[in-house]
Amino acid sequence: MIDDTARTAPAPGTAFPAPDAPLARFGLFDAVAGLLWRVAAQRQLVVVLGDLHRADAGTLQLLGYLAGDLPRFGVLVLRAFRDDEAGAAGRPVPSLLGPLAERAVVLPLGSLDVKQTKQLLMSLEAPSVDDDTAAAVHRLTGGNPFFIQQVVRLGSLAESRGDSVSAVVERRLAFLSPTARGVLDIAAVAGNDVSASMLAAVIGVPLEQVLESLDLAGRAGVIEAVRGDAHRFAHDIFRDTIYGLLGS
């Protein structure tokens, strides 16, 4: 079964058949579907797809092709994606769920609290975790499990920063417009809590332009509204990284 699908599929690192090659695309989709249905006929089948926010158009079309037969064959598909990165890239959640959007069960996974952060740190065999350290890591990472793991991997809870964490932040920032990046640069210098009106006055641009930039940064999960026109960075890591990039 797998050999048949492998012969039909593109070579690793190549794209799906182009939209103007419908027969080739249909052949590939049909081969993948046939493989899944044959496996599902023999045993319970769960398909787990990670980082769906990075999926290309061909992958999403394949999932749409499979969607109609999933209930009939009893196949469960788990799609994991980062809604903040998807939103920043202009890909709303329904577009990632495709035809299953109305039937899908969406389970948002929020940030960890301080107690959960400590439990995760201990499970990762962090060297020494007391309540103060857990609180500091939580404040730095905003309870983001991935950032917490990076902090442990770097081997220094005291420093709690490094190139790998910065790289993650810079990738998130890459989705933002130059104008939004400029607004965040000023916000990083100003401190944790900043107001949109203050940023507009300092930068010398209309308030509406600043609010649009903050909204874009908010959809990327970089900054969040607090009260009125006040905003703050979602994690200290974001502010520290942006501040560190100034002048570089």
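The values are calculated or read from the model by the stated rules, or taken from the named source; none is laboratory data. From a predicted model like this one, the values you see are computed outputs, not experimental measurements. A quick note on method: Cβ atoms are made from the backbone with ideal geometry, for glycine too, and the neighbour counts reach across all protein chains shown.
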>> I'd like the full set of residues that are over 20 Å from the mean Cα position of the chain (by Cα) and outside any helix (DSSP H, G or I), limited to the stretch 115-144.
In response: Leu124, Glu125, Ala126, Pro127, Ser128, Val129, Asp130
>> Being surrounded by 15 or more Cβ atoms within 10 Å (Cβ to Cβ), touching a strand residue (DSSP E or B) at 6+ places or on another chain (Cβ under 6 Å), among the basic types (Lys, Arg) and closer than 20 Å to Leu112 by Cβ is the requirement here; does Arg239 meet it?
In response: yes
> Pairs, please: C-beta under 8 Å, at least 6 apart or cross-chain, first residue in the same structural domain as Gly221 (by TED's automatic domain parsing) and in the stretch 118-147, second part of a loop (DSSP other than H, G, I, E, B)?
Replying inline: none
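Which of the residues belonging to the stretch 34-57 are closer than 13 Å to Ala80 by Cβ and either surrounded by 10 or more Cβ atoms within 10 Å (Cβ to Cβ) or of a type in the set (Ser, Thr, Tyr) (or both)? So that I can check it myself, show each step before the final result.
Just the residues of the stretch 34-57 that are closer than 13 Å to Ala80 by Cβ, to begin with: 46-55.
Across the stretch 34-57, the qualifying residues are Val47, Leu49, Gly50, Asp51, Leu52, His53, Arg54, Ala55.
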> Hey, any hits in the stretch 185-207 for a residue that's farther than 29 Å from Val137 by Cβ and under 21 Å from the mean Cα position of the chain (by Cα)?
Replying inline: no
> All but one of (1) free of Cβ contacts under 8 Å to residues at least 24 places away in the same chain; (2) outside any helix (DSSP H, G or I); (3) under 18 Å from the mean Cα position of the chain (by Cα) hold for Leu176; which doesn't?
Replying inline: (1)
>> What's the total number of residues in the stretch 209-241 that are under 19 Å from Arg139 (Cα atoms), modelled with pLDDT of 90 or more and not in a strand (DSSP E or B)?
In response: 0
